[in-house]
Each structure stands twice: as C-alpha cells, then as structure tokens.
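I have placed the structure first, in the form of structure tokens, so that the comments after it can refer back to it.
Just so you know, all these numbers are worked out from the coordinates, no wet-lab data involved. No experiment lies behind these values; they were computed from the predicted model shown. Reconstructed Cβ throughout: ideal geometry from the backbone, glycine too, with neighbour counts over all protein chains shown.
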Amino acid sequence: MNLHTLSVRQAAALLETGEITSVALTGAILERIRALEPTVRAHITISEDLAFQQAEAADARRRAGQRVTPLTGIPYAVKDCISTKGVRTTCASKILANYVPRYNATVIERLEDAGAVLVGKHNMDEFGMGSSCENSAFFPTHNPWDVTRVPGGSSGGSAAAVAAEMTPFALGEDTGGSIRMPAGFCGVTGLKPTYGRVSRYGLIALASSFDTIGPLARDVADVALVMQTLAGHDPRDSTSLRAPVPDYTQAYTPDLKGLTLGVPVEYFTAGIAPSVETPIREALRVLRDLGAAVREVSLPHTRYAIPVYYLILFAEASSNLARFDGTRFGLSETGADMLAHYTRTRAAGFGAEVKRRIMLGTFALSSGYYDAYYLRAQKVRMLLRRDFEHAFAQVDALVAPVCPTPAFRLGEKIADPLTMYLSDVHVVAVNPAGVPALALPCGFTADTPPLPVGMQIIGRPLEEVTLFRIGYAYQQATSWHLARPNVKYEG
Ligand code: GLN
C-alpha cells in the first residue's frame, strides 16, 4: 500500500484499527516529499525530526488508550506565514529567512492538541502578496498537473503539496483568494472560512481585516474534518467570533432538495475562458439534478472588487509590515544611524512586490489622500458586502468560477502586476464581505496535459455547514476530486 495516497479519513481508519502506525505514515509522507520536492518545490522547510517525535507520541497515545481524535497521527504541513514554535517561519521573505518563532499559532496548538503531525512549511508568495507563488523570495512552486505552469497563489505550496500527495491536508491563508485560487489551479478542495471563525493568533498579518486561515485537502469531507478542529473562539484574537461550532459532519445529505443556488451574472461575463465556463455550467446541471433550484442573481458592485480590495490591502499591509525593521527579529542590516538601519534592512529584506505595495499603501494613507482613497474604498467595501446580503436574501449560496482562466504559465504574468491582480477578479470580493467560500474541482480543460478547473460556493456568514452540504453532495455525484496528477520528474 502506498501510504502517501491516503486521504485523512482513510488514514484515520487504518490508524484506528492498528493496521498502520503514525510513524510508518509519516515516514511514507516524508519519502514522498523527498522524491517530488525537486520537481514541485512546495516546501521551504521540512520538519523531519519534529514530525517523527510527534508521530511517536501519537502512536504512544493510542497504545496507552488516551484520548484520540480523527487527526491523531495524521501528517500535515502549513503555509509559511503561520507561526510554528521552534520551526522557521519565513513568509517566503528574506527579511524573515532565519526567524524561528517562540510560540505556536492557535491553529497549530489546536492541531498539536488533536495529535496531528507537522511535517513542514509550504512555499507562498512573499507575505501572501501574489497569485502565482512566483513572488516567493526563494523559488517558485510548480503545478503538479503541468510543471511549466503556476500552482496559483499565494498558498501555492500548500495546494501543490496536497495535489501531489505530499500531505493529506494543509493549512493556507486566504486574504484575497489565496486558498481558493491555488485549490482551483491544483484540483484540490479548500475552504476560506467566515472572517473570525478561525483564530488569526500567530498568523503573520497581511491585511488584518481580510485575513483568514483555512484547510486544503483532497475532498470536502476531509476539509470539514480539519475545520472541526480549527474553528472556535480564541480570546487571543480580538476579532474571533464567539458563535458555537456546529458538528460539520452532520451537514451531509444525499440530495440538495430545498436549497436555492444563485449564479452571479457578473461572474460569467467577458473574460471568462470557455474552458472554465463549460465545466462550471456542467456543475450547475449536476447541482440541479441533485435537487437544488438554480437562479441568476446580481452582485452589481463586482466591478469595484479589485480596486477596493487592493487599495485596502495595500493600506493595511503597509501598516502591518512596519514592524519589520531589523530591530527585534529577522534580517538586520547595520547602518550609521537608526534611520539608515531601518532603510538598509527593509531595502535588502523585502522583494519588489512587497515594496510596491508598501509604497502604494503608505501613499493611500497619507494626509490629504486618506479621504480620497482609503476612506472611499471602505465605503465601497460596504456596497460589496451589501451585494452579498441582498443575494443571500434570495438564495442559500452562490456558485461561481474560482478564476476566469486555468493555471497560467510560469513567467506569463510576473512582469505585469496589474494583469496578475486581475486574475483575482472572482475571488477578492468575498474577503471584504467576510463571508465563507469553498473551492472544489469541477472538471478539466482540453489542454495536454489537462488542467483542473475550480468552482467556488460562497455562503452566508457562519454557514460553512451549508457549503459542506453542497460540496459533499456534489462530490458524491462526481469524481473530479479523485483525479491525481501524474507528476513528471524533471530529471
Ligand atoms: N492575489 C492576492 C493578492 O496578491 C492574494 C492575497 C492573499 O489571499 N494572501 O493580494
């Protein structure tokens, strides 16, 4: 048996009966990582020693008859913006290249408490800024379906690793599509939870009012299982919600009778590739066959989503990144005086995209421009939010493409930031609105090799359970989520 091919639930069942041990499973995953890493390049750090320690502890816990959970002994890895105690956490930036946190993010604590096994840290666009994983200061990640293409960003390492069976599940961060877009490009399932549902404590902030942490895995049921462990109130995150966490596994129903799904017309206009639209339309037919009513809805302010998202993101990021000054942690370049110390550290430590955004954000927040840009963007943000509220008064969830095109080629958009930003057109409105969205595979293009196409299901605040219900019924009726890439070794 190739243990690296197991889903979370399959592995959990075999651990439960004692057919496999966590040490064996962890060994198989690390071997798979070693075999494919030169081709896929999904990892910044591999935490082999810690992984074996945690795997042994998980096996001992089971042997001793102590409390176990479905995640006890299951390997996972996380995007490198999530703080891991004693394990380097870089945000794929030179400025944090040698930063080793002294504490765990709440999500890591929760997974550790559940008995999961941390095998490594995934590559990403520097500080989460990008849509292709090419903005990593270290190396780009390759799409396992076609290694000449990008995995999407910014959680590209996480999505590529799940697709290439280098981990059964991963955690990503979604500030403006960074879980959904790579999930779509790599053919895996990923959830951007409701803002505040999962603690941000220990997540290195990009745009604090948009940032969310969520799971990526091979199917909806695995994503829901991981979400069960992640979700819940955390007093260490002041924006964390107190709402009780439902039992997500109770969500599943064989059909979708009684649900109404909305198709936002603005998401199907000019610019969407036929190779994406055809599978999405087919998915809508499947959802209708499952008993859901499907109707068109309008999100009239969609055209403002990109400018509003990017303006607010630049502003919040420029403020959040002010802390990287070489004084307390990270890269430190000496200068003749304090100002020279700051400027030399930041000039050497940040990449071009990060600098661009800091400058644009600082400009948008500066006196005289604040009202014209930042304040105005906050007002339009309310209009985006209301668009969703109006739609959710008519329908239970929305179905849309994740991205207007399939995975593009490495290098194709990197020289033109605006073109890169525009690839986010279908994902960014969700974050200013704070609503949850589930991305899942719904077909392939006719390219050689074929590329996955992703759809997203967007829900009301805190209604992850409805998204899981729809996604689960869809995956029971289809097999797109079962397809695996045949990763071609480059030599
Ligand atoms: N493409 C988005 C950006 O570059 C992704 C942000 C994110 O979700 N981390 O801002």
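Computed values, structure above
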{"quantity": "Long-range lysine pairs (8 or more apart or interchain), the chain, Cα under 18 Å", "calculated": "6"}
{"quantity": "Positive minus negative residues near Val100 (Lys, Arg vs Asp, Glu; Cβ under 13 Å)", "calculated": "+3"}
{"quantity": "Under the Karplus curve 6.51 cos²θ - 1.76 cosθ + 1.60, θ = phi - 60°, whole-Hz ³J(HN,Hα) for segment 27-32, x wherever Gly or Pro sits", "calculated": "x, 5, 5, 5, 5, 4"}
{"quantity": "Euclidean distance of C-alpha centroids, segment 1-77 and segment 89-117, integer Å", "calculated": "18"}
{"quantity": "Radius 14 Å from Cβ of Ser479, net charge of other residues (Lys, Arg +1; Asp, Glu -1)", "calculated": "0"}
{"quantity": "Anisotropy class of segment 178-275 from Cα gyration tensor, a/c 1.5 cut", "calculated": "oblate"}
{"quantity": "Helical contribution to [θ] at 222 nm, DSSP H n ≥ 4, -39,500 (n - 2.57), averaged over the chain, rounded to 500", "calculated": "-11500 deg cm²/dmol"}
{"quantity": "Extension gain (nm, one decimal) between Gln378 and Ser208, 0.36 nm per residue minus Cα-Cα", "calculated": "59.8 nm"}
{"quantity": "Loop-resident sites, segment 1-87, for trypsin sites (Lys or Arg not before Pro), counting at most 13 other Cβ within 10 Å (DSSP)", "calculated": "Arg67"}
{"quantity": "Cα-centre dipole for segment 267-335 with unit charges at Cβ (Lys and Arg positive, Asp and Glu negative), debye to 20", "calculated": "200"}
{"quantity": "Virtual spin-label span in nm between Asp371 and Phe329, 7 Å along Cα→Cβ", "calculated": "3.9"}
{"quantity": "Packing-based exposure ordering (other Cβ within 10 Å, fewest first) of Met382, Met1", "calculated": "Met1, Met382"}
{"quantity": "Inter-label distance for Arg88 and Thr478, nm, one decimal - labels placed 7 Å from Cα along Cα-to-Cβ", "calculated": "3.9"}
{"quantity": "Fewest-first sequence of Met338, Met420, Met124 by Cβ atoms within 10 Å of each Cβ", "calculated": "Met338, Met420, Met124"}
{"quantity": "Per-residue ³J(HN,Hα) for segment 132-146, Karplus 6.51 cos²θ - 1.76 cosθ + 1.60, θ = phi - 60°, Hz, x for Gly and Pro", "calculated": "9, 6, 7, 7, 5, 6, 9, 6, x, 8, 9, 6, x, 7, 7"}
{"quantity": "GluC sites (Glu not before Pro) within segment 290-336: DSSP coil, no more than 11 neighbouring Cβ in 10 Å", "calculated": "none"}
{"quantity": "Positive minus negative residues near Leu14 (Lys, Arg vs Asp, Glu; Cβ under 15 Å)", "calculated": "-2"}
{"quantity": "Difference of contour (0.36 nm per residue) and Cα-Cα distance, Ala340 to Ala13", "calculated": "112.0 nm"}
{"quantity": "Point-to-point label distance, Arg303-Thr419, nm (Cα→Cβ direction, 7 Å offset)", "calculated": "2.3"}
{"quantity": "Per-bin percent of Cα-Cα distances, the chain [20 Å]", "calculated": "26, 60, 15, 0"}
{"quantity": "Between segment 235-311 and segment 137-198, the alpha-carbon center distance in angstrom", "calculated": "19"}
{"quantity": "Whole-number percent relative contact order across the chain, with pairs defined as alpha carbons under 8 Å at least 6 apart", "calculated": "18"}
{"quantity": "Per DSSP, loop chymotrypsin sites (Phe, Trp or Tyr not before Pro) in segment 444-491 with at most 11 further Cβ within 10 Å", "calculated": "Tyr489"}
{"quantity": "Residues whose placed amide H lies under 5 Å from that of Ile44, excluding near-sequence neighbours", "calculated": "Lys121, His122, Asn123"}
{"quantity": "Charge dipole magnitude, Cβ of K and R +1, D and E -1 - the chain, Cα centre, debye nearest 20", "calculated": "580"}
